[in-house]
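A.B. asks: Below is a structure I'd like to ask you about.
FYI, it's all coordinate maths here, none of it is from the lab. Fair warning: this is a prediction, and the values are worked out from it, not measured in the lab. Note that we place each Cβ from the backbone using ideal geometry, even for glycine, and neighbour counts take in every protein chain shown.
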Amino acid sequence: MRISSVVLFSLMGMGLVTLSACDEVKPPRDEGVCYFIGHVGKDKNGHDKLKFNEVRRNVPDLEHCAVEIYNVRRGFMTTGTAGPVTEGVYQGTFLFAANGEVRMATKYDGPQFPFLVVAGNQLVSPSAAHVDDTQTDGGKPETIVVPKDLPKAPDAAPAK
């Protein structure tokens, strides 16, 4: 009886995994093609129906596609039709353009990671963006006051 319970629960678990895999968005993986993702309604289960619209062919890499998606967003913003995020895909990688940044993810509903940020009038890697916070509007250095109640590191030596 114990083996039958294990088999039963295993089959139930496999069914749940199979059902959850059905909801996963399958992005196009065409080489060098950048897509914009459009939302065209809901399916019978209430999930968004997605349409992959080709933006450009012969795109050399993910960075160039991210710029294309960001430019699509800027076009939507001028017409007032942009939502909070404009979505795209390049060779199976999802791109999410918002105001001031483009994030990337390997799954549509998965975690998103910073990919490019706006610095001046261009998109750059987040590590390349630099903000000079030593000068204020008047040209005088700004003094930062450190709070006295900050937590101490465990290996910090006691103050004398």
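A.B. asks: Tell me, in nm to one decimal, what length is gained between Ser127 and His39 on full extension, where the rule is 0.36 nm per residue of separation less the Cα-Cα distance?
C.D. replies: Numbers: separation 88, 0.36 × 88 = 31.68 nm, distance 3.23 nm.
Contour length minus Cα-Cα distance gives 28.5 nm.
A.B. asks: Follow-up. In whole percent, what relative contact order does region 53-96 give with Cα contacts below 8 Å and a gap of six or more residues? Before the final figure, lay out each step's value.
C.D. replies: Details: 25 pairs, mean separation 13.8, N = 44.
It rounds to 31 percent for region 53-96.
A.B. asks: What's the FRET efficiency of Ala105 with Thr81 using the Cβ-Cβ distance as r and R₀ = 22 Å, to the nearest 0.05? Each step should come with its number before you reach the end.
C.D. replies: Values: r = 23 Å, r/R0 = 1.06.
So the FRET efficiency works out to roughly 0.40.
A.B. asks: Tell me, what HN-Hα J-couplings in whole Hz come from the Karplus equation 6.51 cos²θ - 1.76 cosθ + 1.60 at θ = phi - 60° for each residue of region 95-101, using x for Gly and Pro?
C.D. replies: Rounded to whole hertz, the list is 10, 10, 9, 10, 5, x, 7.
A.B. asks: Continuing with this model, one more query. Between the alpha-carbon centers of region 28-46 and region 94-114, tell me the distance in whole angstrom.
C.D. replies: 15 Å
A.B. asks: Each label point is 7 Å from the Cα along the Cα-to-Cβ direction; what then is the distance between the points at Ala98 and Asp48, in nm?
C.D. replies: Going by the 7 Å Cα→Cβ label model, 1.3 nm.
A.B. asks: Could you work out how much longer the chain between Arg56 and Asp30 gets when fully extended? Use 0.36 nm per residue separation minus the Cα distance between them, nm to one decimal. Show your work: numbers first, answer last.
C.D. replies: Values: separation 26, 0.36 × 26 = 9.36 nm, distance 1.15 nm.
Full extension from Arg56 to Asp30 adds 8.2 nm.
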